[in-house]
Amino acid sequence: MTATTGIIAALCIAGASPAVAADPADDPSALEMIETATPGSENAEVLAVLENVGMEDYVAAIPARDTLVTIPVDATSGLALDQGGDVVTIGLPNASQAAPGVADEDGLVHFDNGDGSTTVPIVREDGVVQITTLIEGPSAPKRYEYPMTVADGGQLVDAGDGFFAILDAVGQPVAMIDPARAKDADGRDVPTRYEQQEDTLVQIVEHGTDFTYPIVADPAVRGNLITGVAYPSSPYGIVVSVTPRSGWAITPFENWWAEYKLWVASWYEGNKFYNQLRCHVDVAPFKSPWNLDAWRPDVSYSNVLAAACNP
């Protein structure tokens, strides 16, 4: 990582409770609402984003994930996620009309989109970047576009089960996007979905007067969890050898499985691979690599656990 890491301060948000703000960009309770609307947020501290005067942008470092996040002052430049040299740039909603990004006293950057919505990217120590948009009233748009740019010819793909992935030029995942979600100020789910238009991810939020504003909608982006997969042979058969980037951050297993399936051929996606990978994530995350035995029989998850992940 760069020397930028040393200037990042961690901000832990605890005991958050929902609040409705007329202007979420100015009301500190907006952050409380984002926390309340985010499942599992208690497991990952929020990183304050400090201004880098030389670049006139804002930066946050996530050392455990070898990640540097750059949030621009000019929304049209897009948010940059740099994980070990793999750089993904994600455009922000209505960027051409948005006001310059302004950091609040907590170091969180706000973009007034000029359309009844405000975008507030949240950087978490577990490697997740929530590109949060606060929808302030029924006149705000229902459509929010996030153009994706990857160096050297990468592309955006549907990874199944609601996930999307950004692939590099050789088809390997460099970043993953969680399924779409949106909640209103009362904690109710708001119907939402993704649509893909080439390399632009579009979040549709079906909000209206039946819901309490503001509404929180956020594509949650994280760099890849897996850095490589190999297929060594053993005396018994093929082994799928998975190298995780880091086991230190708490990451739901569904994220690991969604990314794993992008690395391997379909015949390495069966239940026995699911159970062996899950075992490594659950009880042996700091071991590397994670060896999944293709020649093993398909047994229950409890039997996999009893055999220390390789029955």
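Scanning segment 102-117 for residues that are of a type in the set (Gly, Ala, Ser) and in a loop (DSSP other than H, G, I, E, B) yields Gly107, Gly114, Gly116. Screening Arg245 against (1) open to solvent by 20 Å² or more (accessible area, probe 1.4 Å); (2) free of Cβ contacts under 8 Å to residues at least 60 places away in the same chain; (3) out of contact with any Phe, Trp or Tyr (no Cβ under 8 Å at 6 or more places or on another chain) leaves a single unmet condition, (2).
In the set (1) modelled with pLDDT of 90 or more; (2) within 26 Å of the chain's Cα centre (by Cα); (3) farther than 30 Å from Gly154 by Cβ; (4) not polar (S, T, N, Q), Leu262 fails one condition alone, (3).
Listed here are the residues, each with its yes/no results for (1) part of a loop (DSSP other than H, G, I, E, B); (2) free of Cβ contacts under 8 Å to residues at least 60 places away in the same chain.
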site	(1), (2)
Thr119	no, yes
Ala159	no, no
Val170	yes, yes
Met176	no, no
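Okay, residues lined up against (1) in contact with a His (Cβ under 7 Å, 6 or more places away or on another chain); (2) on the phi > 0 side of the Ramachandran plot; (3) surrounded by fewer than 16 Cβ atoms within 10 Å (Cβ to Cβ); (4) at pLDDT 85 or above:
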| site | (1), (2), (3), (4) |
| --- | --- |
| Val69 | no, no, no, yes |
| Leu81 | no, no, no, yes |
| Pro100 | no, no, yes, yes |
| Glu105 | no, no, yes, no |
| Leu108 | no, no, no, no |
| Asp112 | no, no, no, yes |
| Thr118 | yes, no, no, yes |
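Hey, among the residues in segment 197-219 that are closer than 30 Å to Gln155 by Cα and loosely packed, with under 13 Cβ neighbours inside 10 Å, which one's farthest from the chain's Cα centre (by Cα)? Checked segment 197-219; the qualifying residue farthest from the chain's Cα centre (by Cα) is Glu206.
The values are calculated or read from the model by the stated rules, or taken from the named source; none is laboratory data. Nothing here was measured: the structure is a model prediction, and the numbers come from that model. Every residue, glycine as well, gets a Cβ built from its backbone with ideal geometry; the counts of neighbours run over all protein chains shown. Note: areas computed on protein heavy atoms with side chains; ligands, DNA, RNA excluded. Shrake-Rupley method; radii C 1.70, N 1.55, O 1.52, S 1.80 Å.
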